[in-house]
Each structure stands twice: as structure tokens, then as C-alpha cells.
Amino acid sequence: MSLPPGFLDELRSRTSLTQVVGRKVMWDARKSNQGKGDMWAPCPFHQEKTASFHVDDRKGFYYCFGCHAKGDAIGFVKETENVSFMEAVEILAREAGMTMPARDPKAQEKADRRTQLAEVMEQAVQFFRLQLRTGAAAAARDYLAGRGLSEAALERWEIGFAPDAWQALWDHLRGKGVEEDLILAAGLAKPSTKGKKPYDTFRNRIMFPIRDARGRAIAFGGRAMDPTDNAKYLNSPETELFDKGRSLYNHGPARTAAGKGQPLIVAEGYMDVIALAEAGFGASVAPLGTAITETQLQLLWRIAPEPIIALDGDTAGLRAAMRLIDLALPLLEAGQSLRFAIMPEGLDPDDLLRAKGPQAVQAVLDQAIPMVRLLWQRETEGKNFDSPERKAALDKALREKIKLIRDPSIRQHYGQEIKDLRWQLFRPQRSAPGKSWSPGRKPSLAPLPSTKSSLLVAAGEGAEDQMREAVILAAIIAHPTIAAEFEAGIESLACIDPDHRALRDMILRVAMDTPDDLHAEIEAQLGPVPLEKLHGLRHVAITPCIRNPGDVDLAQMTVAEELAKLDAYRGLMAEVAEAVEDLGGEADEAVTWRLSQAAEARNRAMRSQQEDKAEYDLGDNGARINRDERNALDDLLGKIKFSKPHTR
């Protein structure tokens, strides 16, 4: 069976030789460098103890320095699985998600035609290069010199010029005996709609040859010299040789440079790639006038596991980055991702190089951010989250994006990173209790003589809040399954005590997703001291839901009541602060009414909100009494009361 042209090339580009070989060998961790695709192992084809079998994942070839076995992924499967060439192709195609093509009896004929087209393209490259030296190209040479390109750079990149004439290239190629059909099929000319002879696709443009990974000229990119031209940049039309969604500018040289350890940089256009490579960033590529496609993304990951997307610092550049995120999320794998380097506003890599030199570009690359951060920026930048509904909308949007990730491990890590970023956004520096609701107006009220010796006063301002917060934290830690129910209330805790603040943060970051591991996670990250201090507090130790860790209902009731009391107390303090300010002016009955209402609200909160459902009653002294025990005592007293007195 013959395969259509390009099928094997695409199969090899989609296949990781490291993964294919890794099923049969044990890699030598000391010699291998997975990040560079440079892997070593004992040879699977002959018995040996040393790692002489080398896999170059970027080039897609293996070689054994012992038995001299060599080949690509297809050859490896063929030899190790003892199958035919076509069976090996079918195995790899199935793994790569490619459909085997139908039998094509003209496959060889098509391959020969592609070879002919590539030869025609090479003739066009030479024609355009010669035209750049003519007088008609003076303006083009001045432009290129102004962009900082030397004669040597023009030669390296084979830059040329298409004359401002309708049939200059057509006449040249026809004079060389090239068939009309080949010129048209190569995308170098277009048929006339007026019955005249075909005309050149590129006219009055600086020409950039586009080569595939094997180095064959497959297309051109042309920059217009006429400022009024509608298309500043123009690519060849798609042909039998050229599929712009499956090609990268500077693919082959960038792959070689990346194999030597240079970071793979994805820029926007030809001049950016040329400028970067001339400045020492040889592993630079660009998509060809379109947004990055899935195939191009797979090509990038075949070159390097974590390409850096260098985008222009303008709105269009950022939009392109955001679109790429949605494309990449479902394709992420362990060790395979993207980083984003955003150029200063209004500049592209070429502009930055000419303005500040390679060190400025390197500084931007060093600050490249992982994809998860750009995803977060897209969903939060310029937005206000001042209401629960807006926060919920953000959470929903991020959850939908994270669901796109197929790899469960990566999905989990993205979720944790988003939680950390959310925590930073919604946890600004909190002011001390009493100041957040009335800045600068907190009253300074001295305690009455009868209360000066109380525990709360002796403990200082905010002691009551701290005691209630400690009970809430301890109850949640003892019953982490209820954390999600009280998330908003936990977020509102001020937690002046640093240990309490650390515990609060751990509850919000861990308990929502992995409640079973909360206690262990706290000890692992904070050590045992914060928990020991919390449970050592007397008012925590005597709390019923702490002494009865299996009573979830009691824990829910305790947390709900303590949060309500905190809210009521803070509301009362806010009213007091405003009343003190109002009393400085003209007082009226409204002030005393507001204070009475706030005080009553606090009194209601201080009483049990679930007395009918609770297992405990409050005694006259405020102590909790087990309801069953109290009922039993009442029954006993009733029996004693109505029983006859005993006589001798």
C-alpha cells in the first residue's frame, strides 16, 4: 500500500520517539536530559550493561554506539514488535490519533510532483535574491538596512525582492522551461480572469522564503513596499507543498538551536524571528499569518517541552495569547506546557532589540509567566469582584476552563494554583477589628469599675473576637466536612493572632477539596505548634463539639452561632462608633433608637439560635446543660415530689 505525500512526515511530527522507545527500555537518569529530549538507555537490540543507546527526540532518530542500530519511530516499532513497515505505521498512527489513508495507487506520482514543485520554488528563491541587488530594489534595501539587517544576514535568510511587474517571475520561469501548470500549482502565479496570461502572486514586495523542517522551500512571505497596499504581509496560497496551519517559519534551524539548549521562542512575524535569531536567540519561530493551530502547537512541543510565546505588548498580542490558552488547555501533559513573555506596551521583539538590545529581551523572557497565571489574568483583569455573585461568576468561569484539561494531575495542580491566586485577590490586608466598618471613628470607651477586672478587658481589645474565632477554627478543624458550608463566614474572620490567621488560610485552601487530609496538611505545612496552642486554650478545650468530635450537627450549630455573635458584635460596635460621632453634634432620639436596636440584635445573637434543635439548654448562669440529663433530673424531682413520705 502506498501512502499519500506528507502522511509519514505528519506521523513523525506527532510521535514522540522517547515515548515509543520508553516502553521497551529503562532510561539512564544520570546521562539523560528529558528537557532537551536527549535520552540514553541500555540497547534493546543487544545485551549490555552500559547505556550506549541514544535517542534524540527532537530529530526523531535513535542510534546505538554498541551495535550501530539506528532508525526512527517507525523502524523501532518494526524491529521490536516484529511487524511489517505498514503495520508499524498503523500502530503509530492509531496512537497518534491519525486515520490511515485509503489505498492511493498514485502515491508515487504525487510524490514526484511534490519534488518538482519544490524545485520550482528553489528557482523562485534564487530569482528573488538576484532581484534584491537590482536598482529597482533600492528602496527595499534601504528598508532592510533600516531594520538593522546586514549583507550577511540577508544571505543567511535568503531575503529577496519581487519586482513591481505583473509577469516578472512568470516570464523568468517560463524562460527556464518550467511548465505553466507547475508555476500555478506552486502558488507563484494566478490565472487571469480577463483571458490574459497568468500574473505573479507577489509584486513589489520583500520576499522571505518559508522552508519546512527538512529545509525544502515550500512557500513565501512578502512584505509590501507600497504603504497603501491593503495587505502589508502576504503569504503564498495553500498548495500541495504548503499548509500554513501545519508550518512554522524557521522550523529547521530553530529545532537545531533548541537541541543545543536555547529556549524556543514563538514570535509573531518574520522580522521578529530574524531579529531574535541575529541577536543570539536562534531557537525562534513564527506561525504564518494566523493564530497558532493545534498542529503547530504539537510541532512546537516536539521541539521543546515549554515554548515561550513572545507576544507584542498591544491589545492584539494579548488577544492572541488568550485564544492560545483555550487551544492549549485540553492538550497539556506533564512537563508539556507554555510560558508567555509579554513585550512592553507598543513594542514587538524587533522594536525592543533595536531600542535596548538583547539584554532587554532576555529580561522579558526571564519574567515569562506560566499559562495558569495568564488564564487568571484574563478572567480577572479590569473586573470588580465586590459582590458574592461576581465572585461566584469568576469561580464558575475558572472551573469551566480547568475542566478542559484532560490530565487529572495537571487539572488538580491548576485548581490549587487558582485557589492560591484567588486567595491573594480576595484577602487584602485586613485592618484591626473595629476599624473596618468605621475608619478613624472608633470610640475610646473606658470600662466601668465593675468590669475592669474581667477576663475580656484584661486580655485587651478584640479578646472576645479572638476567643470566638478560636472556637470556630477548632470546630472546623475537628469537623472539616462542614468547612464548605461556612466558607464565607471563615473568610470574614479577622484573625489578629498570626497562628489563627495561618489556620484560617489553611482551612480555606485545603478543607474545601480534601477535608480528610486537613489535620495532616496543617501539621505538614505549619508544624504542630499552632494546633497545640489552639487546643490548649481553655475556652476551646471545654467547647462541647470539640470534646465530641463525632457530633457534626453540634459543630454546625456551634460555628453558626459563633459567627452570628461575631457579626452582631461588630455591628453594635459600628453603631456605637457612629453614635459617638453624632453625639458631637445635635443629638436626637434617632441615635438612642439605633443603639437600642443594635444592642437588641446582639442580645438575640447571644442567645442560642437553635435551642429547639440543640441537645443542650442554657442554665440561668449561662452554662450549657445536657438536655437529656436535665430531663432525667426533672423526672426524678417530679417523682420525689409526688411520692408519699416514708414513715417509721
Restricting the search to the stretch 269-284, which residues are within 19 Å of ALA363 (Cβ to Cβ) and touching an Asp or Glu at 6+ places or on another chain (Cβ under 6 Å)? ASP272, ALA275
Among the residues of the stretch 504-557, write down those that are modelled with pLDDT under 80 and among the hydroxyl-bearing types (Ser, Thr, Tyr). THR514
Given (1) under 19 Å from LEU11 (Cβ atoms); (2) within 41 Å of the chain's Cα centre (by Cα), index of the condition MET121 fails: (1)
If you go through the stretch 394-402 one residue at a time, do you hit one that is surrounded by fewer than 16 Cβ atoms within 10 Å (Cβ to Cβ) and in contact with a helix residue (DSSP H, G or I) (Cβ under 7 Å, 6 or more places away or on another chain)? yes
Do we find that ALA231 is within 26 Å of SER13 (Cα to Cα), modelled with pLDDT under 95 and outside the structural domain of LEU353 (by TED's automatic domain parsing) in this structure? no
Of residues in the stretch 67-83 being assigned to a loop (DSSP other than H, G, I, E, B) and out of contact with any His (no Cβ under 6 Å at 6 or more places or on another chain), the one nearest to THR18 (Cα to Cα): ASP72
Selection from the stretch 161-180 of residues that are farther than 13 Å from ARG203 by Cβ and either within 46 Å of the chain's Cα centre (by Cα) or in contact (Cβ under 8 Å) with a residue 12 or more places away in the chain (or both): HIS172, LEU173, LYS176, VAL178, GLU180
Inspect the stretch 525-532 for any residue being assigned to a helix (DSSP H, G or I), within 41 Å of the chain's Cα centre (by Cα), buried (at least 17 other Cβ atoms within 10 Å of the Cβ) and in the same structural domain as ALA470 (by TED's automatic domain parsing) and give the result as yes or no. yes
With respect to SER387, determine if the residue is among the hydroxyl-bearing types (Ser, Thr, Tyr), more than 17 Å from VAL510 (Cα to Cα) and exposed (fewer than 15 other Cβ atoms within 10 Å of the Cβ). yes
Enumerate the helices (runs of 4 or more DSSP H) found wholly within the stretch 267-345, keeping only those where 3 or more residues are at pLDDT 90 or above, under 16 Å from the mean Cα position of the chain (by Cα) and under 29 Å from ASP56 (Cα atoms). 315-328
So which of LEU331, LEU404, LEU347 is among the hydrophobic types (A, V, I, L, M, F, W, C) and over 20 Å from ILE292 (Cα atoms)? LEU347
Residue list for the stretch 166-210, filter: surrounded by fewer than 16 Cβ atoms within 10 Å (Cβ to Cβ) and within 20 Å of LYS232 (Cβ to Cβ): LYS190
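The values are calculated or read from the model by the stated rules, or taken from the named source; none is laboratory data. Predicted, not measured: the structure shown is a model, and the values here were computed from it. Every residue, glycine among them, receives a Cβ derived from its backbone with ideal geometry; neighbour counts consider all protein chains shown.
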